[in-house]
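A quick write-up on the structure given underneath.
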Amino acid sequence: MEIMIYTLISVKEGSGKLEKLLLNIKGISGVALYSVCLNGIAAVVGENKKSDLISDKANAIEFAGIIEKLSQHFTLLPMRYGSFMESADAIALMLERNYQEIEQNLGKVEDKYEFGLKVFCDSEKLKSGILQKTEAETGTAAGAATEVKYSVFREYVNAKLKAHRLEELMISYVDSVIIAINTQLTLLQAEHKFKKMASASILIDSVFLLEKRKKDELVDVIKKLQGQYPELDFVLTGPWPPYSFVETTIK
Amino acid sequence: MSENKILFNTGSLDSLSQEIGKLASIEDSKLKLTPDNADSGLAKLVLTLVELIRKLVEKQAMRRVDGGSLTDDEIERLGETLMKLEMKMEELKKHFNLTDRDLNINLGPLGDLM
């Protein structure tokens, strides 16, 4: 028998509520879900076959939906899709061995949701705007190199240098936007992770861990930032289970 | 993603849709080494690493040029070297029938290599 672990849940006030909820939630491929508990921590599991689940996108989406439903009622740590153990006893032993770490992580995400913020831009338009602004401020062409005798190699270096300077300007600009976002998030006491220039059109890809009750405040903050940066497109999503803030490696 | 998961956006979700579309094509940017394509797969892997190093060298060189620590002659020689390296890379890509996109491996959560 193979058992897939879906998530680890904090059930400090007893597992009755969870057991009741699991009666109405089916696992992937319609399997029944049940819990394996140890001192206020429950592993939600289902008897799925490993061979049926590998690389199946539809099942992965179904898995995310189950985690999503449970996260609306409990503080939880999502498990990596496709986490299997041999038996309920092995899961109980895993909970025992990792109890302290799991408990600490559950404490960290208690009553919190994850939110995602992607900042999009038209990179060519943005680069051109930054270049114009810099030239206006300095009174010189930002990309222009010192005038020297013409040679094809020198021209090549000049072109590369211009691209390099523009990229540095872009990085400074992204940093300034991150500082602006950070300043607001600090007021909300949100934990955050930023990825700069994730792709040509995503200037900033970030996730926040925030108290559930502060959701509306976060939306207001992002609206304010959008007003501050009309050249960018802010897209805020959530609430999500805390996928990006689980820092436990199960032993 | 369900509609109610979008808490704020400025109207059009075209950019987001495009990015989601790109995720679907990530499979194409992964290295696929099989017994049948060992030669081309290995060439792609090696050229990806060479291109990464070439770009790092170029970046560092531009930092030095920008910092003003090189003489005109040194810049001239640097230009010649970088230009020849780029041309050689183009030749190799053509030889192995590879494009710039082929050499930009997707590293999953870390994003694209270059």
Chain pair B, A: how much accessible area is buried, both chains summed, with a 1.4 Å probe, in Å² to 100?
2900
Using a 1.4 angstrom probe on protein heavy atoms only, which residues from region B:66-87 are buried by at least 20 Å² of accessible area when all chains are present rather than their own chain alone?
B:D66, B:D72, B:I75, B:E76, B:G79, B:E80, B:M83, B:E86
Assign unit charges at the C-beta atoms only (+1 for Lys and Arg, -1 for Asp and Glu), then state the dipole size of region A:113-245 relative to its Cα centre in Debye, rounded to the nearest 20.
160
Computed over chain A: longest principal axis from alpha-carbon atoms vs helix A:57-71 long axis, angle to nearest 10 degrees, is 70
Tell me, what HN-Hα J-couplings in whole Hz come from the Karplus equation 6.51 cos²θ - 1.76 cosθ + 1.60 at θ = phi - 60° for each residue of region A:197-214, using x for Gly and Pro?
6, 5, 7, 4, 9, 9, 6, 9, 10, 9, 10, 10, 10, 9, 4, 3, 6, 9
Among A:L76, A:V36, A:S15, pick out the residue whose Cα is farthest towards the positive end of the charge dipole of chain A, where Lys and Arg carry +1 and Asp and Glu carry -1 on C-beta, about the Cα centre.
A:L76
Would you rank A:E19, B:E51 by solvent-accessible area, highest first, keeping every protein chain in place and using a 1.4 Å probe?
A:E19, B:E51
What is the spread of the Cα atoms of region A:3-110 along each of their three principal axes, largest first, in whole Å?
33, 26, 23
Volume per residue (Å³) of the convex hull spanned by the alpha carbons of region A:98-251 is 144
The rounded separation in angstrom of the Cα centers of region A:1-72 and region B:42-107 is 49
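Rounded to the nearest 500 deg cm²/dmol, what is the calculated helix-only ellipticity per residue at 222 nm for chain A, with -39500 (n - 2.57) per DSSP H run of length n ≥ 4? Kindly include the intermediate steps, with their values, before the conclusion.
Working: 8 runs with 114 residues, N = 251.
Counting only the DSSP helices, I get -14500 deg cm²/dmol.
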Built amide H within the under 5 Å cut-off of A:H192, gap 5+:
A:L209
With θ set to phi - 60° and the Karplus curve 6.51 cos²θ - 1.76 cosθ + 1.60, what are the ³J(HN,Hα) couplings of region B:43-58 in order, to the nearest whole Hz, using x for Gly and Pro?
4, 4, 5, 5, 5, 4, 5, 4, 5, 4, 5, 4, 5, 5, 4, 4
Report, please, the projected area of the protein assembly as shown averaged over directions, based on the convex hull of its C-alpha atoms, in nm².
23.2
For region A:143-251, run through the chymotrypsin sites (Phe, Trp or Tyr not before Pro) and keep only the ones in DSSP coil with at most 15 other Cβ atoms within 10 Å of their Cβ.
A:Y150
Region A:63-105: projected area of the alpha-carbon convex hull, averaged over directions, in nm²:
3.5
Go through region A:234-243 residue by residue and turn each phi into a ³J(HN,Hα) via Karplus (6.51, -1.76, 1.60, θ = phi - 60°); whole Hz please, and just put x for glycine and proline.
8, 10, 9, 10, x, x, 10, x, x, 4
Counting only protein heavy atoms, what percent of the accessible surface of the protein assembly as shown is carbon or sulfur at a 1.4 Å probe?
54
Could you do me a favour and compute the accessible area per residue for region A:113-245, 1.4 Å probe, result in Å²?
50
Dipole check, region A:79-138, charges on Cβ (K,R +1; D,E -1), about Cα centroid: among A:I130, A:V119, A:A92 the Cα furthest to the positive pole belongs to A:I130
Return one number: the angle in degrees, 0 to 90 and rounded to the nearest 10, between the long axis of the Cα atoms of helix A:99-109 and the longest principal axis of the Cα atoms of chain A.
50
List for region A:156-176: residues with 20 Å² or greater reduction in accessible area, all protein chains versus chain alone, probe 1.4 Å?
A:Y156, A:V157, A:K160, A:L161, A:H164, A:R165, A:E167, A:E168
Hey, what's region A:3-110 come to in accessible area per residue, 1.4 Å probe, Å²?
51
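The values are calculated or read from the model by the stated rules, or taken from the named source; none is laboratory data. Computed from a predicted structure; not experimentally measured. In this analysis, Cβ positions are derived from the backbone assuming ideal geometry, glycine residues included, and neighbour counts consider all displayed protein chains. These area figures cover heavy atoms from the full protein model, side chains too; ligands, DNA and RNA do not enter into them. Shrake-Rupley method; radii C 1.70, N 1.55, O 1.52, S 1.80 Å.
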